[in-house]
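Trainee: Here it is, the structure in full.
The values are calculated or read from the model by the stated rules, or taken from the named source; none is laboratory data. Predicted model, so just to flag it, every value in this text is computed and none were measured. All Cβ positions, even for glycine, are placed from backbone atoms using ideal geometry, and neighbour counts span all protein chains on display. Keep in mind that these areas ignore ligands, DNA and RNA; they rest on the heavy atoms of the full protein, side chains included. Shrake-Rupley method; radii C 1.70, N 1.55, O 1.52, S 1.80 Å.
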Amino acid sequence: MSIISIILVLIIAFFAGLEGILDQFQFHQPIISCTLIGLVTGHLTAGIILGGTIQMMALGWANIGAAVAPDAALAGVAAAIIMVQSGNFDTKGITVAFSTAIPLSVAGLFLTMIVRTISVGLVHGADAEAAKGNFAGLERFHFIALFLQGIRIVIPALALILVPTQTVQDALHAMPAWLTDGMAIGGGMVVAVGYALVINMMASREVWPFFAIGFALAAVTSLTLIALGAVGLALALIYLNLSKMGGNGNGSGGNSGSTDPIGDILNEY
């Protein structure tokens with residue numbers, strides 16, 4: 001990578017770390033970070049494919065109680081850098097880069113724990129400034145905490161960038177076929193599990209028919225992503241309109257409070 005590309009990649013990594021906490025512009029989402037890194041390094045298509053693949057896996061990641069989910073920001077940034085460093089942008093190269101995202105995202109939890117431990121002291125410092133009424137000092141502690149969140153992604157990103165490209169390529173080429181194939185299969189299963197977790201949270205009587213329609217339409221190879229998106233948008237608008245109609249009751253006193261708006265409408269007939 002050129003110096004300009006390296007600087008831009010580190011800036012993207014910094015904002016990805018910030019957005020992991022701020023959650024405003026979604027830079028920490030793999031589909032965004034990988035796409036941006038692909039754009040600044042001249043490999044936009046591969047970046048979009050890699051980001052979309054990791055995003056499908058990360059859909060099922062969530063913090064539950066004290067259990068912290070893998071670091072999606074580091075997963076996207078690190079996998080994209082490995083893909084660029086490898087110089088392999090075909091299906092195999094993207095698969096290998098995607099497979100490395102899982103262990104790297106779990107390893108990133110170590111940096112997350114360090115930053116959060118430091119943040120405990122920063123919170124006490126901010127409390128002290130608040131007690132004094134020093135708003136400038138309070139803001140300073142907030143900015144320091146945010147800066148640390150960005151740095152926790154920049155440091156591993158810079159470490160990966162500093163690894164010579166030839167070293168990365170040699171390491172990837174040295175991997176036996178059984179390992180790369182196994183990583184590809186395992187990665188695909190993780191994506192399916194991630195999507196299944198999301199479906200499990202969203203599943204209801206009203207949603208399952210739309211899922212079946214989408215599953216059937218996805219098998220139609222002649223439909224482009226734009227066409228599928230248009231169909232999905234149309235179905236969503238239809239559902240919203242039916243929801244409003246079902247919620248009105250329209251004379252069906254027993255069903256006016258139902259959570260099944262389509263069923264309410266069908267019962268009218």
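Trainee: Any chance you could count how many residues in segment 38-57 are in a helix (DSSP H, G or I) and either hydrophobic (A, V, I, L, M, F, W, C) or surrounded by fewer than 20 Cβ atoms within 10 Å (Cβ to Cβ) (or both)?
Mentor: Count: 12.
Trainee: What residue, of M175, M189, is closer than 27 Å to S99 by Cα, at pLDDT below 80 and not in a helix (DSSP H, G or I)? Reasoning before the result, please.
Mentor: On the way: M189 fails: not in a helix (DSSP H, G or I).
Within the list M175, M189, the selection yields M175.
Table: residues versus (1) open to solvent by 80 Å² or more (accessible area, probe 1.4 Å); (2) farther than 30 Å from M1 by Cα; (3) assigned to a helix (DSSP H, G or I); (4) modelled with pLDDT of 70 or more.
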residue: A159; (1), (2), (3), (4): no, no, yes, yes
residue: T167; (1), (2), (3), (4): no, no, yes, yes
residue: D181; (1), (2), (3), (4): yes, no, yes, yes
residue: A184; (1), (2), (3), (4): no, no, yes, no
residue: S204; (1), (2), (3), (4): no, yes, no, yes
residue: F211; (1), (2), (3), (4): no, yes, yes, yes
residue: T221; (1), (2), (3), (4): yes, yes, no, yes
residue: L233; (1), (2), (3), (4): yes, yes, yes, yes
residue: I262; (1), (2), (3), (4): no, yes, yes, no
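Trainee: When the residues of segment 1-37 are narrowed to those that are of a type in the set (G, A, S) and within 15 Å of L160 (Cβ to Cβ), which ends up surrounded by the most Cβ atoms within 10 Å (Cβ to Cβ)?
Mentor: S33
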